[in-house]
Amino acid sequence: MNGDLQVVDDVPGAFAREFITAFEQRPGEEFDIALSGGETARACYERLASEGTASVDWLVVNFFWGDERCVPPDHQDSNERMGREALLERVGAANAVYPMRCDESLDAYQLRLGEVGQLDLVHLGMGADGHTASLFPGSAALSADPGQLVAFNEDPSGRNKHPRMTLTYTGIARARLVVFTVSGEEKREAMEAVYAGEDLPAARVNAGRVLWLVDRAAAPRPR
Ligand code: 6PG
């Protein structure tokens, strides 16, 4: 697998610490993060909102998303809605917020990401099927052109609802740091497959540094 694996008891707490450490490494700079969707990410953002306030100047943070479901921003399945509820609304003003909008062209998001250059942190989860962001097994976006930073995509298995917009591997690779957060017994099989080098979408992620924060329930068992 690409990256470093850390087995932790408290994934949200470990994520908050990694975010704060990464933020503190960029003094005086804007900080660009791409948020994840999912319930593990929600728990991470709620913890960050409660623990990060003293250390993070949110007014220099620019929020992007790593993927989005093509639903209205107030829809219960919207990653933007989750990010706003779990983090943005709790920490007050940010420098800028760039939600993914499926009704806008990919070019708009591609250009915005292009202006940023490197993202400081891309936060990713992993599904039980080994998907990450909205890069699903057997989906078209796995083989997007190398120059494409974002793509529309959907899950050919139908397990994951809604058409999606997602960062591609190229878009993710622009990150200085990717932090995966994986928790729960239902992720162990996929985690073991990634750890064993199987070609699941999450295993293909590369970036400046890739860090996996995995709880004991999801951690690969020594073979
Ligand atoms: C999405 C997410 C997705 C998520 C994983 C894990 O939009 O669905 O970005 O990649 O991170 O499915 O989700 P859970 O933490 O809810 O298991």
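Throughout, read-outs are computed from the coordinates displayed, never taken from laboratory work. Treat the numbers as computed from the prediction; the structure is a model and nothing was measured. All Cβ positions, even for glycine, are placed from backbone atoms using ideal geometry, and neighbour counts span all protein chains on display.
Note on the range 167-200 and the range 68-117: Cα centroid distance 22 Å, given to the nearest whole angstrom. Between I20 and A93, the C-beta separation translates, for a Förster distance of 22 Å, into a calculated FRET efficiency of about 0.75. Look at the alpha carbon pairs under 8 Å that are at least 6 residues apart: their mean separation over the length of the range 1-138 gives a relative contact order of 29 percent.
Ranked by Cβ crowding within 10 angstrom, fewest neighbours first, how are D129, D120, D10 ordered? Sorted ascending by nearby Cβ count, the order is D10, D129, D120. DSSP beta bridges fully contained in the range 104-185 are about 50 percent antiparallel. Each Lys and Arg Cβ is given +1 and each Asp and Glu Cβ -1; about its Cα centre, the chain then shows a dipole of about 300 debye.
Under the simplified labelling scheme, the A108-F152 pair shows an inter-label distance of 1.4 nm, with each label point 7 Å from Cα along Cα→Cβ. Panel values: the chain, Kirkwood radius from alpha carbon pairs, Stokes-Einstein at 10 °C and 1.306 mPa s, translational diffusion coefficient 92 µm²/s.
For the chain, the antiparallel share of DSSP beta bridges with both residues in that region comes to about 25%. Adding -39500 (n - 2.57) for every DSSP H run of four residues or longer, then dividing by how many residues the chain holds, sets the calculated 222 nm ellipticity at -7000 deg cm²/dmol.
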